[in-house]
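Trainee: Sharing a structure below in structure tokens format, with a few things to ask.
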Amino acid sequence: MPDQHDTDEPDVEEVNRLHEAYEHLRQELGKVVVGQQEVIEQLLIAMFAGGHCLLVGVPGLAKTLLVRTLAEALSLDFNRIQFTPDLMPADITGTEVIQENRASGERSFRFLSGPVFANVVLADEINRTPPKTQAALLEAMQEQQVTIGGERHLLPQPFFVLATQNPIEQEGTYPLPEAQLDRFMFEVLIDYPSEDEELQIVKQTTAEFSPQVTPTLNAEQIQSFAKLIRRIPVADHLARYALRLVRQTRLNGSGTPEMVAKYVSWGAGPRASQYLVLAAKARAALQGRYCAGSEDIQAVAAPVLRHRIIANFSAEADGVSTDAIIKHLLETTSDIE
């Protein structure tokens, strides 16, 4: 039975248009980015759902290329911020400068916007800058605005932060606080390409040919599709399935699974439940389906939960990753009450 809040169901033609746009986007991205189909799917799910993404992978796996190409295919303004230890908050958000009127001689403050004022902001190596600069993104990500000199400045819509991290080199870095990690809808892991994909990458990037991406959607269409996704119905039992998955990550009593009790120090909060359901709706709509199913919840569980579950020392000592904990929960949690 659909949730009582999902009474305004989506139009069939709207869902079909979204599915066609999604397939076209994948084709355009495939002109430039070789392989990484699961990464592309997760990135598009998050963007159409209006969420931010944390991309984790070693250097050279086309993270920046993927984000830039996506911005081009979506006809969106794109800015890249290279996070460094000496970067200041004003370097991201912008600052006020004194401007003099030559005719009257009067002076006034004028706001110069920073690189965060774009539709797609690539925060490259976000963990290389100090916490006060990382925190400059918090208001932008959550409130879609920045406050300078007591005055609020709204960010362009839609607004997406796609941040990258290198999982290997941690010396001289500043791990993101949990409050900021929780603002990211997905943590997307980018792995090495297969041998055939790597051969194609080598041939493609060492030739003179430079593929061109054709813009597919504009900002207004993306916002319209984001509203459509929120109208995708979700059954009560499916929402409760998402809740059970999230609640089982918490150390809150006798119902805690044995693996969680042994290896988890802190579980996921309510935002994880919200994002599980919203991402499941987005995945269903992008695939041309008019309601979400349990397979959608299962498909997005890892990117939603992996940065919200804090593993303890025992997990590190035994080589148990958060993905292994999530996989165990999916295997042991029924989607039927």
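Trainee: Checking the conditions here, which among Arg244, Arg250, Arg240 is closer than 24 Å to Leu329 by Cβ, among the charged types (D, E, K, R), in a loop (DSSP other than H, G, I, E, B) and in contact (Cβ under 8 Å) with a residue 12 or more places away in the chain?
Mentor: Unique residue meeting the criteria: Arg250.
Trainee: Here are the criteria: (1) out of contact with any Asp or Glu (no Cβ under 6 Å at 6 or more places or on another chain); (2) assigned by TED's automatic domain parsing to the domain that holds Met47. Tell me which single one Gln287 does not satisfy.
Mentor: The one condition Gln287 does not meet is (2).
Trainee: Looking for whichever is within 17 Å of the chain's Cα centre (by Cα) and basic (Lys, Arg) here; the options are Arg183, Arg152, Arg231, Arg128. Which one fits? It would help to see each step written out before you state the result.
Mentor: Working: Arg152 fails: within 17 Å of the chain's Cα centre (by Cα); Arg231 fails: within 17 Å of the chain's Cα centre (by Cα); Arg128 fails: within 17 Å of the chain's Cα centre (by Cα).
That would be Arg183, the only listed residue that is within 17 Å of the chain's Cα centre (by Cα) and basic (Lys, Arg).
Trainee: Right, another one. Within region 294-332, track down each residue that is surrounded by fewer than 17 Cβ atoms within 10 Å (Cβ to Cβ), in contact (Cβ under 8 Å) with a residue 40 or more places away in the chain and in a loop (DSSP other than H, G, I, E, B).
Mentor: Asn312
Trainee: Here is a follow-up. Pairs under 6 Å by beta carbon, first residue assigned by TED's automatic domain parsing to the domain that holds Arg271 and polar (S, T, N, Q) in region 178-196, partner at pLDDT 85 or above and surrounded by 12 or more Cβ atoms within 10 Å (Cβ to Cβ), six or more apart or different chains?
Mentor: So the pair list comes out empty.
For every residue, the table says whether it meets (1) touching a Leu at 6+ places or on another chain (Cβ under 7 Å); (2) among the aliphatic types (A, V, I, L, M).
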position: Arg247; (1), (2): no, no
position: Asn252; (1), (2): no, no
position: Ala261; (1), (2): yes, yes
position: Ser265; (1), (2): no, no
position: Ala284; (1), (2): no, yes
position: Asp296; (1), (2): no, no
position: Val320; (1), (2): no, yes
position: Lys327; (1), (2): no, no
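Trainee: Follow-up question, since we're still on this one. For residues that are over 17 Å from the mean Cα position of the chain (by Cα) and at pLDDT 85 or above, scanning just region 155-175, find the one that is surrounded by the fewest Cβ atoms within 10 Å (Cβ to Cβ).
Mentor: Among residues in region 155-175 that are over 17 Å from the mean Cα position of the chain (by Cα) and at pLDDT 85 or above, the one surrounded by the fewest Cβ atoms within 10 Å (Cβ to Cβ) is Pro156.
Trainee: Is it true that Thr64 is of a type in the set (Ser, Thr, Tyr) and under 30 Å from Val213 (Cα atoms)? So that I can check it myself, show each step before the final result.
Mentor: Working: of a type in the set (Ser, Thr, Tyr): yes; under 30 Å from Val213 (Cα atoms): yes.
When the stated conditions are applied, Thr64 passes them.
The values are calculated or read from the model by the stated rules, or taken from the named source; none is laboratory data. What you see is a predicted model; the values in this text were computed from it and never measured. Glycine gets a Cβ as well: all are built from the backbone with ideal geometry, and neighbour counts include every protein chain shown.
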